[in-house]
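Down below is the structure, laid out as structure tokens.
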Amino acid sequence: TIGGQAGTSSMIRNYLGFPRGISGMRLAQRARNQANRFGTRSFTGWSATSLDPGRDGQPHVVRTDGGDVRARAVVIATGVAYRKLGVPAVEDFVGLGVFYGSAMSAAREMEGTDVVVVGGGNSAGQAAIHLARFARSVTILVRRDGRLERITVRDTRSGEQEVLGCRGLVLLLGAEPHCEWLPAEVATDGRGFVLTGRDVPTDRWTDGIPPASLATTVPGVFAVGDIRATSMKRVAAASGEGASVVPLVHAWLDPDQG
């Protein structure tokens, strides 16, 4: 989905300029259209597999499924991915009644059925409110065999188990980064989020000076949005960091400016 997790949100109500809120999909599409007007070239579906830092003035190389991309500056804005429930029987039904995220596009399929939402954060609450417009209670309409029918839940305190009949299971378990494609030169915290600025350990500073606020431990490589350690995990904050990193990139490409 364009915009990552933000693009799957049923409604964003805390973004400046949209007093009545806007769906994440619409906001992300508008952002992409705006980027295209500035001449941005997009390569969709190319998964990044590794990053080779440039040395001695050479450009960085991002390895992807579609080929290598060379650049003097790289901005890491990969966001985070939904956590998995870890139940094999549930994973078998992903896309067949089980959805990670708010499943906005599948909401109308749930009209008149029962839905189970897993998660206790803001996204789970927003998803429940959105799905309640269509579902009988907060499940996906089953038209054929081979879809989710029931789940077994266990009380973490007593160990008691209960079988719940449901046709839809929406999982909102928070998110985690996937930075295994980045080289060891890019410092990360204990959870795998990219460290920038003063969050970088002092032994990785240069001449006692920390990297710029959105700069990583590799010169010319920056990080913004949810992938960055200590980020706000909000759409407005992520877009603000995207704007803030531009002058940092300009300064890196042309250190003599101004």
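Brief remarks follow.
- Calculated FRET efficiency for the pair V69/A237, C-beta based, R₀ 30 Å, to 0.05: 0.65
- For L51, the amide hydrogen comes within under 5 Å of the amide hydrogens of R63, counting only partners 5 or more places away or on other chains and with H modelled in the peptide plane.
- Karplus-derived 3J(HN,Hα) values for the range 81-93, using 6.51 cos²θ - 1.76 cosθ + 1.60 with θ = phi - 60°, are 10, 5, 5, 8, 5, x, 10, x, 5, 6, 4, 5, 10 Hz; glycine and proline are entered as x.
- Spin-label zone in the range 230-256 - amide nitrogen under 19 Å from a point set 7 Å from the Cα of I209 along the C-beta vector: 245-256
- Computed lengthening from D256 to W181, 0.36 nm per intervening residue step minus Cα-Cα distance: 23.8 nm
- Accessible surface of the chain, 1.4 Å probe, proportion on carbon and sulfur as whole %: 50
- Karplus 3J(HN,Hα) series, Hz, for the range 196-202 with 6.51 cos²θ - 1.76 cosθ + 1.60 (x for Gly, Pro): 9, x, 6, 6, 5, x, 4
- Amide proton proximity set for V221, modelled H, under 5 Å, gap of 5+: V74, T216
- Modelled FRET efficiency - R0 22 Å, D155 with E91, Cβ distances, 0.05 increments: 0.45
- In this structure, the amide hydrogen of S23, modeled 1.01 Å from its nitrogen in the peptide plane, lies closer than 5 angstrom to those of I12, counting only residues at least 5 positions away or on a different chain.
- Whole-Hz ³J(HN,Hα) from phi, Karplus 6.51 cos²θ - 1.76 cosθ + 1.60, for the range 174-188, glycine and proline x: x, 9, 9, x, 10, 10, 5, 7, 7, x, 5, 5, 8, 6, 10
- Cα shape, the range 1-114, gyration tensor, a/c 1.5 rule: oblate
- Beta bridges from DSSP with both residues in the chain: antiparallel share about 60 percent, rounded to the nearest 5.
The values are calculated or read from the model by the stated rules, or taken from the named source; none is laboratory data. All values reported here derive from a predicted model rather than from experimental measurement. Here Cβ is always computed from backbone atoms with ideal geometry, including for glycine, and neighbour counts include all displayed protein chains. For accessibility, only protein heavy atoms count, side chains too; no ligands or nucleic acids. Shrake-Rupley method; radii C 1.70, N 1.55, O 1.52, S 1.80 Å.
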